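Working notes, beginning with the structure itself.
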């Protein structure tokens, strides 16, 4: 029996899955990504995850037929080169080459959001779709596009950075250096910034108690609980974020004309029931496409399995 490994390398965690060619997952691993360490140390963490997956799955090296990697950054998929990884110390590190040399199997590498959308298109909410766009609000706002069942990558693998499309020319400064990017308006750090500003201005919010007053990092489960409590601050911020995502989705619909726009990530998993109807309304009130366009707004189904499964699918397609 042949098996494949998919690894989702994140800024906060490294998630892995051992899967059959069908996508059936035998076992999973998840470890925190150490902070402020060298690329070789991250590589060792990835090796540990791979070895643990094989140990838990009870498979031998001869049964491993390939591995796929999702990396949070710009990946030149033509040359297996990590051009930029702003949230993890892997820029320029020959990760794919090291793994190929060690395990003697094909290794495929792409951006982590590309991997997540591939997973959803293979076995998740976008299964069977030919043209689909993915938007994943998280630490930043990740984007991916599949057209004619193929990832849109661009010249260097840097295409579809949808989080850096400019929504508001006079908007807040983004980490990329531009103003008013979708990421500066709809990422988790943007949500946290806006919640802190409202609390500082004197607005009462359940989020203060839920987080123990630590508003620097607000977990998705706290946002979900605040929504359940009908908290005005969190409702206001998430409605504004959903409005920005809706505005971006209108532009995305005009540019790519997809069958669906799929939203994923922890914030959407926790708060999608509140946010997605706002996004849907924005897309379907667009006067240009209103009469004939049927672009659907979907929520991801695979959760943390999406990127590892997408990475598995990526390497399996090399065969």
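Every read-out reported here was derived from the displayed coordinates using simple, explicitly stated rules and does not represent laboratory data. All values derive from a computational prediction rather than experimental measurement. Note: ideal-geometry Cβ built from the backbone for every residue, glycine included; neighbour counts use all protein chains shown.
Computed quantities for the displayed model
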{"read-out": "Rounded to whole Å, sorted largest first: equivalent-ellipsoid semi-axes of segment 211-272, Cα gyration tensor", "value": "27, 12, 10"}
{"read-out": "Length-normalised contact order of segment 3-122 in % [C-alpha pairs under 8 Å, at least 6 apart]", "value": "25"}
{"read-out": "Helix-only [θ]222 nm of the chain, DSSP H runs n ≥ 4, -39500 (n - 2.57) each, per residue, nearest 500", "value": "-12500 deg cm²/dmol"}
{"read-out": "Orientation-averaged projected area, Cα convex hull of segment 126-300 (nm²)", "value": "10.7"}
{"read-out": "Value of relative contact order over the chain, rounded to a whole percent, pairs C-alpha under 8 Å and six or more apart", "value": "22"}
{"read-out": "Cα centroid of segment 213-251 to Cα centroid of segment 107-166, whole Å", "value": "23"}
{"read-out": "Packing-based ranking, highest mean first, of 133-142, 100-109 given that Cβ atoms within 10 Å are counted", "value": "133-142, 100-109"}
{"read-out": "The chain: most fluctuating residue of 298, 153, 215 per GNM, C-alpha cutoff 10 Å", "value": "215"}
{"read-out": "Neighbour-count order for 263, 274, 292, fewest beta carbons within 10 angstrom listed first", "value": "292, 274, 263"}
{"read-out": "Global form of segment 1-148, assessed from the alpha-carbon gyration tensor, a/c cut-off 1.5", "value": "oblate"}
{"read-out": "Rough spin-label spacing in nm, given labels placed 7 Å along Cα→Cβ, for residue 155 and residue 131", "value": "2.5"}
{"read-out": "Segments 33-43, 301-311 sorted - mean Cβ within 10 Å per residue, highest first", "value": "301-311, 33-43"}
{"read-out": "Between segment 269-315 and segment 1-80, the Cα center-to-center distance that results, in Å", "value": "26"}
{"read-out": "Relative contact order (percent, whole number), segment 137-278, Cα cutoff 8 Å, 6+ residue spacing", "value": "23"}
